[in-house]
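Peer 1: Have a look at this one before I ask anything.
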Amino acid sequence: NALLSVRNLTVRYPGHTRTSAPVLAVDRASFDVSAGETLALIGPSGCGKSSTAAAVLMLRRPDGGEVRFGGRELTTLDEKALRSVRPAVQPVFQDPYGSLSPRLPVRDAVAEPLRVQGRWDPVAGPRRVAELLETVRLDPRLGERLPHELSGGQCQRVGIARALASEPRLLVLDEPVSALDPSVRAGVLNLLRDLQERLGLAYLFICHDLPLVRHFAHRVAVMDSARIVETLPAGALYTSG
Ligand code: ADP
Ligand code: ADP
């Protein structure tokens with residue numbers, strides 16, 4: 001009983017011009033992710049990782065196959081039902097500044113999901129934001145700052161706090177440390193690992209760094225030319241690192 005169960009996922013884009021052929025971005029991909037588990041999705045650029053992530057994040061309706069999350073089949077849900085499921089599946093992107101609004105103090109970025117989901121309370125809300133910043137090991141006083149006043153690593157922690165505000169069960173981590181200074185990567189990865197243990201989070205982890213995948217993931221799905229060609233335990237992944 002996986003938390004996320006993807007079967008024969010197919011994603012197609014129309015051709016760039018009227019006469020060009022459609023692009024088959026994901027071709028019948030199948031994989032599972034259990035609660036508390038990290039599945040890495042690896043493969044060359046253009047193989048379909050982001051398109052897979054977009055379908056899992058409910059940003060794009062698949063052209064075929066099934067996406068089952070927490071026992072519910074998502075591909076047949078209407079927009080209203082999807083809105084109730086989306087908080088449970090949250091993204092963390094590569095660019096730590098890209099997902100934050102440059103003019104918004106970071107405490108407001110963390111508060112936004114609470115407001116949007118109608119869970120904002122004038123007393124409990126600010127407390128919850130401070131608690132979320134502490135959860136990602138940031139001084140809550142940093143909440144006053146704007147994104148450009150924080151380091152990349154601090155901003156990535158804000159992005160994680162914002163994702164946690166929705167009380168997710170699955171995070172889709174799209175190259176979450178590759179834009180960060182090497183000296184702060186380990187801290188963010190340790191944080192993610194602690195959060196996984198503490199909250200039982202599942203991770204779908206898109207990553208190019210094979211030694212890191214072997215170290216951080218439990219299992220690996222290898223994509224090539226829109227297909228998942230192999231799924232194996234991370235320890236079985238051959239790397240020179
Ligand atoms: P990856 O994340 O592994 O780099 P993507 O899922 O981004 O792969 O892309 C898979 C394929 O789909 C590529 O051939 C890419 O050019 C194509 N593609 C991605 N997004 C679009 C789009 N919006 N319109 C047309 N083709 C797209
Ligand atoms: P269109 O280009 O026709 O708008 P999209 O692929 O952008 O199609 O998505 C259309 C609708 O499908 C969106 O309203 C979105 O909420 C919904 N949707 C996206 N992902 C999923 C999914 N995994 N399962 C079900 N519905 C989805």
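Peer 1: Being away from ligand 2 (no atom under 15 Å from the Cβ), within 23 Å of residue 202 (Cα to Cα) and open to solvent by 10 Å² or more (accessible area, probe 1.4 Å) narrows it down to one of 28, 18, so name that one.
Peer 2: 28
Peer 1: While we're here: Does residue 98 satisfy being under 29 Å from residue 209 (Cβ atoms), surrounded by fewer than 21 Cβ atoms within 10 Å (Cβ to Cβ) and without any contact (Cβ under 8 Å) to a residue 24 or more places away in the chain? Quick ask: steps written out before the conclusion?
Peer 2: Working: under 29 Å from residue 209 (Cβ atoms): yes; surrounded by fewer than 21 Cβ atoms within 10 Å (Cβ to Cβ): yes; without any contact (Cβ under 8 Å) to a residue 24 or more places away in the chain: yes.
In short, yes.
Peer 1: Can you run down the residue pairs with Cβ atoms below 8 Å, 6 or more apart or on separate chains, where the first is in region 31-48 and over 17 Å from residue 197 (Cα atoms) and in a strand (DSSP E or B) and the partner is within 16 Å of ligand 2 (Cβ to nearest atom) and hydroxyl-bearing (Ser, Thr, Tyr)?
Peer 2: Short answer, once both residue conditions are applied: 32/5; 41/52.
Peer 1: Out of curiosity, is residue 107 more than 16 Å from ligand 1 (Cβ to nearest atom), of a type in the set (D, E, K, R) and surrounded by 21 or more Cβ atoms within 10 Å (Cβ to Cβ)?
Peer 2: Considered against the rule, which asks whether it is more than 16 Å from ligand 1 (Cβ to nearest atom), of a type in the set (D, E, K, R) and surrounded by 21 or more Cβ atoms within 10 Å (Cβ to Cβ), residue 107 comes out as yes.
Peer 1: Still on this structure, please answer the following. Can you find even one residue in region 33-48 that is open to solvent by 10 Å² or more (accessible area, probe 1.4 Å), within 16 Å of ligand 1 (Cβ to nearest atom) and at pLDDT below 95?
Peer 2: No, region 33-48 contains no residue that is open to solvent by 10 Å² or more (accessible area, probe 1.4 Å), within 16 Å of ligand 1 (Cβ to nearest atom) and at pLDDT below 95.
Peer 1: On the basis of being over 23 Å from residue 95 (Cβ atoms), out of contact with any Leu (no Cβ under 6 Å at 6 or more places or on another chain), part of a loop (DSSP other than H, G, I, E, B) and in contact (Cβ under 8 Å) with a residue 40 or more places away in the chain, does residue 197 make the cut? Before the answer, list the steps.
Peer 2: Values: over 23 Å from residue 95 (Cβ atoms): yes; out of contact with any Leu (no Cβ under 6 Å at 6 or more places or on another chain): yes; part of a loop (DSSP other than H, G, I, E, B): no; in contact (Cβ under 8 Å) with a residue 40 or more places away in the chain: yes.
Here the answer is no, as residue 197 does not meet what is asked.
Peer 1: Determine, yes or no, whether residue 65 is buried (at least 17 other Cβ atoms within 10 Å of the Cβ), on the phi > 0 side of the Ramachandran plot, in contact (Cβ under 8 Å) with a residue 40 or more places away in the chain and away from ligand 2 (no atom under 13 Å from the Cβ).
Peer 2: no
Peer 1: So, one more: Scanning region 70-103 for residues that are of a type in the set (A, V, I, L, M) and in a loop (DSSP other than H, G, I, E, B), which turns out nearest to residue 175 (Cα to Cα)?
Peer 2: Step one: filter region 70-103 for residues of a type in the set (A, V, I, L, M), giving 74, 77, 81-82, 85, 88-89, 92, 100.
Add one more test, that the residue is in a loop (DSSP other than H, G, I, E, B), and what stays is 77, 100.
Values: 77: 29, 100: 16 Å.
Filtering first and then ranking leaves 100.
The values are calculated or read from the model by the stated rules, or taken from the named source; none is laboratory data. Just so it is clear, the model here is predicted, and its values are computed rather than measured. With ideal geometry, Cβ positions are generated from the backbone for all residues, glycine too; neighbour counts draw on all protein chains shown. These area figures cover heavy atoms from the full protein model, side chains too; ligands, DNA and RNA do not enter into them. Shrake-Rupley method; radii C 1.70, N 1.55, O 1.52, S 1.80 Å.
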